[in-house]
Amino acid sequence: MLEADIAYRTRQLAEDGIQEVFARLHPSLHWTGDRLVSADLPPAGPDLGGTDLVLAPSAFAARCHLLAGTGTAPPALVYPSRAVGGLWERRGTRADGLARLLGRSRARLLALTGSPSTTTQLAALSGLSLGAVSQHLSVLRDAGLVTGHRYRREVHYTATELGTALLERS
C-alpha cells in the first residue's frame, strides 16, 4: 500500500508539479510562496533552509507530522497514506474462478501486483522461476491487466484498473 502511494505521488509530481502534490497530501496542507503551510504544522511553516524534504506515507498517521532533520538526515513530512482501509480488508479465496480463467500462476501474479513489484520480488513471493514470472507478466501485460514502469534498472509491475477490477470481482 505504501509503495502504491509513493508510485501515485511520483506520477502526480511528474504530471502536476510539487505544489499539487502538497495540496493533495492532506486537506490542511498547501504551498504558499516558498513555505509549506498547514494547521497541523508550526504557524510560520517549516523553515527548510533549502534542504531536502522527505515525504513519508504512513498507515497510522491521521494528519501530517513534520519530523525535524538531525545531522545529515533531512526533515521528513509524514502524511496519511491513500487507501489505508484496504489494509484491513479481508480478502476471501474467491479467486478460484479467476485461477480457472487465467491459470493459478497468472492469477496469483496478478494478485501480487496490487503494489508495484519487480520480477525478482514476484518470483520470491510466488515461488516461480524468474523466467516463468517474466513469461506470465508478458501475457498479463499484453492482456492489459498489468503495466510495467521502469525505475533505473528495474521494472515495477502493477495491476491496471482492469486487472484490479478483475481481482475484485473474482
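No lab work stands behind these numbers, since they all come straight from the coordinates. Keep in mind the model is a prediction, meaning the values are calculated, not measured. Every residue, glycine as well, gets a Cβ built from its backbone with ideal geometry; the counts of neighbours run over all protein chains shown.
If I model a spin label as a point 7 Å beyond the Cα along the Cα-Cβ vector, how far apart are those points for Gln135 and Asp96 in nm? Rounded to a tenth, the inter-label distance reads 2.7 nm. Dividing the C-alpha radius of gyration of the stretch 101-165 by 2.2 N^0.38 Å, with N its residue count, gives 0.97.
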